1. Can you tell me which residue in region 83-104 is modelled with the lowest pLDDT, limited to those that are surrounded by 15 or more Cβ atoms within 10 Å (Cβ to Cβ) and not in a loop (DSSP other than H, G, I, E, B)?
2. Please tell me if GLY126 is closer than 22 Å to ALA33 by Cα and either in contact (Cβ under 8 Å) with a residue 24 or more places away in the chain or in a loop (DSSP other than H, G, I, E, B) (or both).
3. Every residue in region 127-140 that is of a type in the set (D, E, K, R) and surrounded by 15 or more Cβ atoms within 10 Å (Cβ to Cβ), please.
4. Which of the residues that make up region 42-74 are touching a Gly at 6+ places or on another chain (Cβ under 7 Å), buried (at least 19 other Cβ atoms within 10 Å of the Cβ) and part of a loop (DSSP other than H, G, I, E, B)?
5. Could you tell me which numbered condition GLY59 fails, if it satisfies all but one of (1) in contact with a strand residue (DSSP E or B) (Cβ under 8 Å, 6 or more places away or on another chain); (2) under 21 Å from ASP116 (Cα atoms); (3) free of Cβ contacts under 8 Å to residues at least 40 places away in the same chain?
6. Looking at region 23-41, is at least one residue in a loop (DSSP other than H, G, I, E, B) and at pLDDT 95 or above?
7. Against the definition (at pLDDT 95 or above, of a type outside the set (Ser, Thr, Tyr) and surrounded by 15 or more Cβ atoms within 10 Å (Cβ to Cβ)), how does GLN124 come out, yes or no?
8. Return the residues of region 105-123 that are assigned to a loop (DSSP other than H, G, I, E, B), charged (D, E, K, R) and under 26 Å from GLY54 (Cβ atoms); say none if nothing qualifies.
Amino acid sequence: MDKRTWASVIAATAGLAAGLTSPATAASRAADAPVGEVRNTSEISVGAIQAKDGSYRHGTYDDLIPPGRFSGYASTAGVYVGPGWCIRIRYWTSGTEQNPPQPHQLGDPRIYQGGDRGQQVWFQGGIGADVRALRSTHADCHPA
């Protein structure tokens, strides 16, 4: 083969390899994806994170979502759960801030523990999410 043919084969192989790795890269990026609406169903405020950028107004979160309120962001990347607490996240299957979902329109609960130092929990995409902070001793923090 001449040099031009080899160059074409190498370019085609590189293109195929890039095509094969792109979906995996896209999938890993989609693992952490902001949601549109975040409603705090707790009796306490929850830390909201607007963007996963490492720079947060209050160290580990940007703003507090008061009980019964929404984050107020166009999209929310995650929430912060403090030490001694757990957070239950239920993703919405439909609804808006003006027309929140009914209980049957919520996904299965996902529980995250704050542990001894607290933790940031990143959303995995969707229309929105209900978040509820509970003391880590609460039975809902330890589903069977």
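The values are calculated or read from the model by the stated rules, or taken from the named source; none is laboratory data. Just so you know, these numbers come straight off a predicted model, no measurement behind them. Don't worry about glycine lacking a Cβ; one is built from the backbone with ideal geometry, like all the others, and counts go over all protein chains shown.
1. By that ranking, first place goes to TRP92.
2. Yes: the conditions hold for GLY126.
3. If the condition is that a residue be of a type in the set (D, E, K, R) and surrounded by 15 or more Cβ atoms within 10 Å (Cβ to Cβ), then ASP130, ARG132 are the ones that fit.
4. Within region 42-74, TYR61 is the sole residue that qualifies.
5. (1)
6. First, the residues of region 23-41 that are in a loop (DSSP other than H, G, I, E, B): 31-32, 41.
Applying the additional criterion that residues be at pLDDT 95 or above yields 41.
Checking region 23-41: at least one residue is in a loop (DSSP other than H, G, I, E, B) and at pLDDT 95 or above.
7. no
8. ASP116, ARG117, listed by residue number.
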